[in-house]
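Engineer: Can you keep this structure in mind? I'll have questions shortly.
The values are calculated or read from the model by the stated rules, or taken from the named source; none is laboratory data. Predicted model only: the values in this text are computed from it and were never measured. Heads up, the Cβs are rebuilt from the backbone with ideal geometry, glycines too, and the neighbour counts pull from every protein chain shown.
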Amino acid sequence: MGGQRRIADPEVAVLVALARNHHVRVLPESQDGLAVRRALLGHSAPRVRATARRAGIHVLDSHIFAALSAADGRPVPADPAASGVELADPLDDPVPSVRVTAITGGIPEQDGARWARVLADPSPQVRKAAATRGYFTPSFVWAGLAEDPDPAVRAAVAHSRWAPAELQRRLLSDADPKVATAAEARDPLSLPVRVRPCLPAEGKSCCRSASPTTSSFVGSTSPPSLSP
């Protein structure tokens, strides 16, 4: 098998390309196919491990069929974990970029124990990923990230489209200017009010009549009178 020959390649770039290859994700669940997956997921180079996780080569067809059967209420024929391709939890990896793949791969919102590990992770890179990939981030994690000692993490919360609005408003008064600026960019009340400019055909009289009354129609549903 070509995959088995290539996993012995000493070049990390070759192994990264192999992990991204679509054909690796669809390898049969045979001994040879599982051996290629295990070699990439457990490689000594963090870049290879992270790429393999992001590519999802640890997810087998039997995993997908079992999930669909369980969702439909049908019996699951066999334990998909029996294949042994799944390795240790990526949150246990010593390299932050690999631990990030646990978040990008999706942690269920109900799995509070694993989210607590993310919140307590010593690397700001991992905690920041919880904000930038935060669709399933639970509320207690958002609250902790908004008070993170690292300003880059707080700025990620302020800039995130998933973060609770009340937390982002609180970060408007953050001591770090970059955090406050990121929060201001997401705050709709901080956006400048846009007034329709005069058209050339309307002449200067439009501008003279509209300028004194600009404050009177801000927020109004009806436009100002443009009659001279």
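Engineer: Looking at the stretch 1-18 only, could you name the residues that are in a helix (DSSP H, G or I) and modelled with pLDDT under 80? So that I can check it myself, show each step before the final result.
Structural biologist: Restricting attention to the stretch 1-18, the residues satisfying the condition of being in a helix (DSSP H, G or I) are 2-6, 12-18.
Once the filter is applied, which keeps residues that are in a helix (DSSP H, G or I) and modelled with pLDDT under 80, the stretch 1-18 yields Gly2, Gly3, Gln4, Arg5, Arg6.
Engineer: Being within 20 Å of Val153 (Cα to Cα) and among the polar types (S, T, N, Q) is the filter; apply it to the stretch 88-112 and report the residue that is surrounded by the most Cβ atoms within 10 Å (Cβ to Cβ).
Structural biologist: Thr101
Engineer: Then there's this: What helices (runs of 4 or more DSSP H) lie completely within the stretch 95-192 and have 2 or more residues being within 18 Å of the chain's Cα centre (by Cα), in contact (Cβ under 8 Å) with a residue 24 or more places away in the chain and over 30 Å from Ala45 (Cβ atoms)? Explain how you work it out, then say what you get.
Structural biologist: Numbers: elements: 96-104, 112-119, 124-132, 139-146, 151-159, 165-170, 177-186.
In the stretch 95-192, the matching helices (runs of 4 or more DSSP H) lie at 139-146, 151-159, 177-186.
Engineer: Working only within the stretch 117-161, note down all residues that are of a type in the set (Lys, Arg) and either closer than 20 Å to Glu184 by Cβ or surrounded by 21 or more Cβ atoms within 10 Å (Cβ to Cβ) (or both).
Structural biologist: Pass one, the stretch 117-161, residues of a type in the set (Lys, Arg): 117, 127-128, 133, 154, 161.
Passing the criteria: Arg127, Lys128, Arg154, Arg161.
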